[in-house]
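Colleague: Okay, handing you the structure first.
The values are calculated or read from the model by the stated rules, or taken from the named source; none is laboratory data. Quick caveat: nothing in here was measured; it's all calculated off a predicted structure. Glycine gets a Cβ as well: all are built from the backbone with ideal geometry, and neighbour counts include every protein chain shown. Only protein heavy atoms, including side chains, enter the accessible area calculation; ligands, DNA and RNA are left aside. Shrake-Rupley method; radii C 1.70, N 1.55, O 1.52, S 1.80 Å.
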Amino acid sequence: MATNSNFLFFLLLLLFNFHVRLSFSDGDSNSMESVPDLQMSMYKVIDGYPCVRLLNLSGPIGCSNPGRQVVVAPIVRYQNATQLSQSSSILVSLDEFQSFITRIWNDSSFASNIAGVIVESGTEIQNKLKGFSPAHKFPQAEFAPYQNTNYEWNPIGSGIMLNAYNFPVFLLSESSTLTLEEAATNNEKSMKAFTADVAEFDLVMQTTKAGTHDSESCLKEGACLPLGGYSVWSSLPPINVSSEQSKPVILTVASMDSASFFRDKSLGADSPISGLISLLAAVDALSRVDGLDDLTKQLVFIVFTGEAWGYLGSRRFLHELDLQSDAVSGLNNSLIEMVMEIGSIGKGFNQGVNKFYAHKTGASSATNETLDALEQAQDSLKSEHIICSVANASNPGIPPSSLMTFLQKNSHTSGVVLEDFNSVFSNKFYHSHLDDTLNINSSAVVAAASLVARTLYILASDNNTLSSSALTAINVNVSLVEELMGCLLGCDPGLSCNLVKNYISPTNTCPSHYVGVIPDEPSSTPYLGYVDDVSRFLWNFLADRTSIPRENSSSTCSKGCNNGEVCVRAETEGKGVCVISTTRYVPAYSTRLKFDSEAWIVLPPNSSDPMGMVDPVWTESNWNAIGLRVYTVQNGAYDNLVLLGGMAITVLAYLAIVITRAFITKSLKRD
């Protein structure tokens, strides 16, 4: 009897314990009001920047899931991953990243167990690094207008961004880095436990699904789109398109796009955005000068996009000039007397001195005049401590720049590229996500803008009538430079800054200067939904700064603009105003591509287009979604143990019921 009583007491205690646990579960469930709440408690969505799949005519580069499904694997620190016994998500510090990639190429057994890669970020890591450039040592050497393509302009370059990786790679934000470090630590502490923190990568590319492995095949299948966008050009003062333009043209060039191992983290602060900001500040300074109509030469400014991927912008611009298309209405190739490019100038400030180098094409009267004008402008800025020297004559030629396109088109082109380096890049983070505001100095940008603005005024003026007072009146707005840096090189305020919002309604706050893709038929008057925020801002800024107000300035764009006028600020609440300006969009995409019958077609190479002969024709794979999340899972052994435990409890419960029934039956008979 005592044994039976103890057994009944045990059953009652078990039922009570189950009831208490159920009550607590009910209490917890009150905070879970929906399935999304449950998902949020289980899964941590990670902020990050993916490396994506790009393709060219030769094959793929970049990163992708190996198949059509998400990839899930436990998180392991690279420093602890001497050997990998199972498929793993590798958490790697940026200072280890390059050695990690090298190990992948040299250790196939190690590489076979890599499910995905997660790269940490943080200012401490950035400060530790002496340099990181995933580009080649001679970026885009195939387009160089000279023979020595083994020269190392970028000695620190590794070229790892031009390789193909059959696994996903994500760069973490600083906050997400802490989350992943915690997950890796949890796994290290519970190596013999039955749970693990895993990373789930969703980086499935349409080119993988379609089985297309180069640009031509993926364009045929509609699994990718060509890299491209819209360049912007503007003239100061506006060109009268109705009359024949006869003034020689001084073309000032900058680029707006950069590249990086990680698609949406391409800031390019020094290369090339410092040059772009310098150009905008120079335009602003010159726009306030009186008597621009009396200049003997026409000033034209152009900002190219797609230069980091085969000089798409400059090549397409010259092609449009040959066609005399609407995109370049008012310009004539034969009138371009001089090309001045503003390259990487953000690191020119050192120990109180702003030092720049003029990389020139061959000797010509126009080039010599430009060098003289630079010297004259430098002398007028003595208080600014600016030194501009001619680059080393032992260099093989001009550095990687848009000017290469002009030289390939016409080897006699007169041109100068203004840079912050002499023989090798001073930017140790070229084409890296670390090329951010910490990598440049605003003083150098202001100094370069001042030097360029005064040089252009000297070149465009009749030297006989140029006065020193006119030159000293050309001053760069320092506040504008700092504001542009805040708008174009960070998230705070980023593209939500007042300057940008004064012209457009940005779709993003954080800028990224990756070129993007061109989805539909290119046009000189494109659908603005296909034009990125930066291009639209530049178009409005340049149209405004180079404009002449119309006589009836109160007239808004809703009433229509006259011939020779454009509508600025059309996206703002005031719906814009019409101004007299020569500002145009120019499509930027490969000269080997044609949009026909709602599809992109790769054209055969043309011997008359030497750069087209070596054009990789870059495309980007389509995708449905990209994401990274972390959660905890139980391993299979634990699941089997739970199953066996459940089966044992079921058997024991059945036996308990049988015994209890027999006991009760026996007790009733006894009564």
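Colleague: Given the conditions (1) open to solvent by 40 Å² or more (accessible area, probe 1.4 Å); (2) closer than 30 Å to Glu120 by Cα; (3) in a strand (DSSP E or B), and given that Ala625 satisfies all but one, which numbered condition is not satisfied?
Modeller: Status for Ala625: all satisfied but (3).
Colleague: Could I ask something else about it? Among the residues of the range 540-583, what is the count of those that are in contact with a Leu (Cβ under 9 Å, 6 or more places away or on another chain), open to solvent by 40 Å² or more (accessible area, probe 1.4 Å) and not aliphatic (A, V, I, L, M)?
Modeller: The number of residues fulfilling the criteria is 2.
Colleague: Count, please, the residues in the range 127-140 that happen to be more than 18 Å from the chain's Cα centre (by Cα) and in contact (Cβ under 8 Å) with a residue 12 or more places away in the chain. Can you show your working first?
Modeller: Filtering the range 127-140 down to residues more than 18 Å from the chain's Cα centre (by Cα) leaves 127-131, 137-138.
From the residues that got through so far, the ones that are in contact (Cβ under 8 Å) with a residue 12 or more places away in the chain too are 128-131, 137-138.
Adding up the residues that qualify gives 6.
Colleague: Filter the range 132-147 down to the residues that are of a type outside the set (A, V, I, L, M) and either open to solvent by 20 Å² or more (accessible area, probe 1.4 Å) or more than 19 Å from Asn439 (Cβ to Cβ) (or both) and list them by number. Please lay out each step first, then the result.
Modeller: The initial filter retains those residues of the range 132-147 that are of a type outside the set (A, V, I, L, M), namely 132-134, 136-140, 142-143, 145-147.
Of everything in the range 132-147, those that are of a type outside the set (A, V, I, L, M) and either open to solvent by 20 Å² or more (accessible area, probe 1.4 Å) or more than 19 Å from Asn439 (Cβ to Cβ) (or both) turn out to be His136, Lys137, Phe138, Gln140, Glu142, Phe143, Pro145, Tyr146, Gln147.
Colleague: Something else now. Among the candidates Lys209, Lys265, which residue alone is among the charged types (D, E, K, R) and in contact with a Ser or Thr (Cβ under 9 Å, 6 or more places away or on another chain)?
Modeller: Working: Lys209 fails: in contact with a Ser or Thr (Cβ under 9 Å, 6 or more places away or on another chain).
The unique qualifying residue is Lys265.
Colleague: Hey, another quick one. Return the only residue of Asn163, Asn187, Asn150 being assigned by the TED database to the domain that holds Ile75 and crowded, with 21+ Cβ neighbours inside 10 Å. Working first, answer last.
Modeller: On the way: Asn163 fails: crowded, with 21+ Cβ neighbours inside 10 Å; Asn150 fails: crowded, with 21+ Cβ neighbours inside 10 Å.
Answer to the check: Asn187.
Colleague: Here's something else I'd like to know. If Ser450 satisfies all but one of (1) more than 30 Å from Asp293 (Cβ to Cβ); (2) in contact with a Leu (Cβ under 6 Å, 6 or more places away or on another chain), what's the number of the condition it fails?
Modeller: Failing condition for Ser450: (1).
Colleague: Which residues, counting only those in the range 329-363, are modelled with pLDDT under 95, open to solvent by less than 30 Å² (accessible area, probe 1.4 Å) and more than 16 Å from Ala391 (Cα to Cα)?
Modeller: Matches in the range 329-363: Gly330, Leu331.
Colleague: From the list Ile104, Ile118, Ile90, which one is within 30 Å of Leu225 (Cα to Cα) and not in a helix (DSSP H, G or I)? Quick ask: steps written out before the conclusion?
Modeller: Details: Ile104 fails: not in a helix (DSSP H, G or I); Ile90 fails: within 30 Å of Leu225 (Cα to Cα).
The conditions single out Ile118.
Colleague: On to the next question. Given the criteria open to solvent by less than 30 Å² (accessible area, probe 1.4 Å) and touching a residue at least 12 places away in the same chain (Cβ under 8 Å), does Cys510 qualify? Let's see the steps before the verdict.
Modeller: Working: open to solvent by less than 30 Å² (accessible area, probe 1.4 Å): no; touching a residue at least 12 places away in the same chain (Cβ under 8 Å): yes.
Answer is no for this residue.
Colleague: Now for a separate question. Where residues in the range 377-403 are closer than 18 Å to Ala366 by Cβ and hydrophobic (A, V, I, L, M, F, W, C), which of them is most open to solvent (accessible area, probe 1.4 Å)?
Modeller: Start the filter on the range 377-403 by keeping residues that are closer than 18 Å to Ala366 by Cβ, which leaves 377, 388, 390-391, 397-398, 401-403.
Checking which are hydrophobic (A, V, I, L, M, F, W, C) leaves us with 377, 388, 390-391, 398, 403.
Working: Ala377: 0, Cys388: 28, Val390: 79, Ala391: 16, Ile398: 6, Leu403: 0 Å².
Of everything passing the filter in the range 377-403, Val390 is most open to solvent (accessible area, probe 1.4 Å).
Colleague: Then there is this: Which residue is surrounded by the fewest Cβ atoms within 10 Å (Cβ to Cβ), if the candidates are limited to the range 406-420 and must be in contact (Cβ under 8 Å) with a residue 24 or more places away in the chain and over 27 Å from Leu286 (Cα atoms)?
Modeller: Keep residues of the range 406-420 that are in contact (Cβ under 8 Å) with a residue 24 or more places away in the chain, which gives 406-409, 411-420.
Then drop every residue that is not over 27 Å from Leu286 (Cα atoms), which leaves 407-409, 411-412.
Working: Leu407: 21, Gln408: 21, Lys409: 19, Ser411: 10, His412: 8.
Out of the qualifying residues, it is His412.
Colleague: Which one of the conditions (1) open to solvent by 10 Å² or more (accessible area, probe 1.4 Å); (2) closer than 21 Å to Phe138 by Cα does Ser443 fail to meet, given that it meets all the rest?
Modeller: (2)
Colleague: Could you tell me which residue of the range 529-539 is surrounded by the most Cβ atoms within 10 Å (Cβ to Cβ), considering only residues that are of a type outside the set (Asp, Glu) and in contact with a Pro (Cβ under 7 Å, 6 or more places away or on another chain)? Don't jump to the end; show me each part of the working.
Modeller: Let us first name the residues in the range 529-539 that are of a type outside the set (Asp, Glu), namely 529-531, 534-539.
Adding the requirement that they be in contact with a Pro (Cβ under 7 Å, 6 or more places away or on another chain) leaves 530, 534.
Numbers: Tyr530: 17, Val534: 28.
Top of the filtered list is Val534.
Colleague: A further question follows. Can you pull out the residues in the range 291-307 that are surrounded by 20 or more Cβ atoms within 10 Å (Cβ to Cβ) and not in a helix (DSSP H, G or I)?
Modeller: So in the range 291-307, the residues surrounded by 20 or more Cβ atoms within 10 Å (Cβ to Cβ) come out as 295, 298-307.
Passing the criteria: Leu295, Gln298, Leu299, Val300, Phe301, Ile302, Val303, Phe304, Thr305, Gly306.
Colleague: Ok, one more. Tell me whether the range 489-506 contains one or more residues that are in contact with a Gly (Cβ under 9 Å, 6 or more places away or on another chain), in a helix (DSSP H, G or I) and among the aliphatic types (A, V, I, L, M).
Modeller: Within the range 489-506 (the criterion being in contact with a Gly (Cβ under 9 Å, 6 or more places away or on another chain), in a helix (DSSP H, G or I) and among the aliphatic types (A, V, I, L, M)), the answer is yes, since at least one residue qualifies.
Colleague: Return yes when Asn127 is in contact with a strand residue (DSSP E or B) (Cβ under 8 Å, 6 or more places away or on another chain) and either open to solvent by less than 50 Å² (accessible area, probe 1.4 Å) or at pLDDT below 95 (or both) and no when it is not. Before the answer, list the steps.
Modeller: On the way: in contact with a strand residue (DSSP E or B) (Cβ under 8 Å, 6 or more places away or on another chain): no; either open to solvent by less than 50 Å² (accessible area, probe 1.4 Å) or at pLDDT below 95 (or both): yes.
So Asn127 fails the test.
Colleague: Shifting gears a bit: How about the range 602-622: which of its residues are among the aliphatic types (A, V, I, L, M) and either part of a helix (DSSP H, G or I) or farther than 16 Å from Asn56 by Cβ (or both)?
Modeller: Taking the range 602-622 and keeping what is among the aliphatic types (A, V, I, L, M), we get 602-603, 611, 613-614, 617.
Listed by number, the residues that qualify are Met611, Met613.
Colleague: Here's a follow-up. Just to be sure, is Gly646 at pLDDT below 85 and open to solvent by less than 40 Å² (accessible area, probe 1.4 Å)?
Modeller: Values: at pLDDT below 85: yes; open to solvent by less than 40 Å² (accessible area, probe 1.4 Å): yes.
Criteria met by Gly646.
Colleague: Looking at (1) under 27 Å from the mean Cα position of the chain (by Cα); (2) among the polar types (S, T, N, Q); (3) open to solvent by 90 Å² or more (accessible area, probe 1.4 Å); (4) more than 30 Å from Ser88 (Cα to Cα), which is the only condition Thr591 fails?
Modeller: Looking at each condition in turn, Thr591 falls short on (3).
Colleague: Please specify each residue of the range 262-290 satisfying the condition of being assigned to a loop (DSSP other than H, G, I, E, B) and open to solvent by less than 10 Å² (accessible area, probe 1.4 Å).
Modeller: Phe262, Ser266, Gly268
Colleague: Looking at the structure I just gave you, is Val586 open to solvent by 10 Å² or more (accessible area, probe 1.4 Å), at negative phi and either touching a helix residue (DSSP H, G or I) at 6+ places or on another chain (Cβ under 6 Å) or in a strand (DSSP E or B) (or both)? Reasoning before the result, please.
Modeller: Details: open to solvent by 10 Å² or more (accessible area, probe 1.4 Å): no; at negative phi: yes; either touching a helix residue (DSSP H, G or I) at 6+ places or on another chain (Cβ under 6 Å) or in a strand (DSSP E or B) (or both): yes.
In short, no.
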